[in-house]
Amino acid sequence: MDALSSRDLISLEKALGHTFKKKALLKEAITHKSYAHEKQDSHVLFNERMEFLGDAVLELIISEHLYSANLEYTEADLSKIKAYAVQESTLAEIAEKLDIGKALLLGKGEELTGGREKPSLLSNGFEAILAAIYLDGGYERSRIFVIDQLKGKMDDFTKNKLVFDFKTKLQEIAQAEFGILPTYVTHKEEGPEHSKTFEVNVFINDNFLGEGAGKTKKAAAQKAAEAALKRIEADKEKI
């Protein structure tokens, strides 16, 4: 995709619920570095810096919302809810619904390897677009956008606090059934320093049970533990 047509741009803005005064901000937000590098033009801006800003804006908005809306929860509870609200898989799912993948400007290599469906690119695209909305429309406009997109997810998470700590649940099962603790191994790190993605595998008795990805090793381990719990449950149902 070499450029957004006027129709594509209007369609994306409609999905986002924001018409940009400065269209260049939206263009930068959807431009992946592979596209910029392929053009070999130093004037083509790509979205890594916007991801950095968008991540910070997202953290503030979610933290402020949870602090005000969940007075009965402790700091630890709020941290867990926030971690799941801003994790890569959550943001990628929202980006997919908004058709952000379709709008991304990618280099040919990323295009051929399915970049439009990669959770990391979708999640990063969402954060970059949030930064663009913040720069174009201010904090309140970006806050409305985030809450519109994430409130349902946060409400789901807060219905049952027990589902947040998959690592603790897996540890309890591993100790009760096998007499040992799960082992977590980081097997991949990708991305720039300010926006790394980690992939973690979890094992019990040297048996691989699940993998997970996230922007921190802790978040990735939680996803791996969640996958392991689902696998254990599925194995039990087969018996």
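The values are calculated or read from the model by the stated rules, or taken from the named source; none is laboratory data. If you're wondering where the values come from, they're calculated on a predicted model, not measured in any experiment. Note that each Cβ is placed from the backbone with ideal geometry, even for glycine, and that neighbours are counted across all protein chains shown.
Just one residue in the set 127, 93 is among the acidic types (Asp, Glu), under 18 Å from residue 16 (Cβ atoms) and either buried (at least 19 other Cβ atoms within 10 Å of the Cβ) or over 13 Å from the mean Cα position of the chain (by Cα) (or both); that residue is 127. When residue 52 is tested against (1) in contact (Cβ under 8 Å) with a residue 60 or more places away in the chain; (2) surrounded by fewer than 19 Cβ atoms within 10 Å (Cβ to Cβ); (3) farther than 13 Å from residue 129 by Cα, exactly one condition is not met: (3). Selection within segment 187-239: residues that are among the basic types (Lys, Arg), out of contact with any Gly (no Cβ under 7 Å at 6 or more places or on another chain) and in contact (Cβ under 8 Å) with a residue 24 or more places away in the chain. The member of this set that is nearest to residue 86 (Cα to Cα) is 215.
Scan segment 173-193 for residues that are loosely packed, with under 11 Cβ neighbours inside 10 Å and part of a helix (DSSP H, G or I) and jot them down. 176, 177, 193, listed by residue number. Could you please let me know if residue 142 is crowded, with 16+ Cβ neighbours inside 10 Å and in contact with a strand residue (DSSP E or B) (Cβ under 9 Å, 6 or more places away or on another chain)? Spelling it out, it is not the case that residue 142 is crowded, with 16+ Cβ neighbours inside 10 Å and in contact with a strand residue (DSSP E or B) (Cβ under 9 Å, 6 or more places away or on another chain). Residue 105 meets the conditions (1) without any contact (Cβ under 8 Å) to a residue 24 or more places away in the chain; (2) within 21 Å of residue 29 (Cβ to Cβ) in every case but one. The failed one is (1).
For residue 136, the conditions (1) assigned by TED's automatic domain parsing to the domain that holds residue 52; (2) under 17 Å from residue 90 (Cα atoms); (3) buried (at least 17 other Cβ atoms within 10 Å of the Cβ) are fulfilled apart from (2). Entry remark, segment 194-223: residues being surrounded by 19 or more Cβ atoms within 10 Å (Cβ to Cβ) and over 24 Å from residue 125 (Cβ atoms) number 6 in total. Scanning segment 4-55 for residues that are over 17 Å from residue 194 (Cβ atoms) and of a type in the set (Phe, Trp, Tyr) yields 20, 35. Looking across segment 19-61, the residues that are of a type in the set (Val, Ile, Thr) and at pLDDT 95 or above come down to 57, 61. Of all residues in segment 108-133, none satisfies the criterion of being among the aromatic types (Phe, Trp, Tyr) and without any contact (Cβ under 8 Å) to a residue 24 or more places away in the chain. Residue 155 fulfils the conditions (1) in a helix (DSSP H, G or I); (2) in contact (Cβ under 8 Å) with a residue 40 or more places away in the chain except for a single criterion, (2). Residue 200 meets the conditions (1) assigned to a helix (DSSP H, G or I); (2) closer than 30 Å to residue 30 by Cβ; (3) in contact with a helix residue (DSSP H, G or I) (Cβ under 8 Å, 6 or more places away or on another chain) in every case but one. The failed one is (1).
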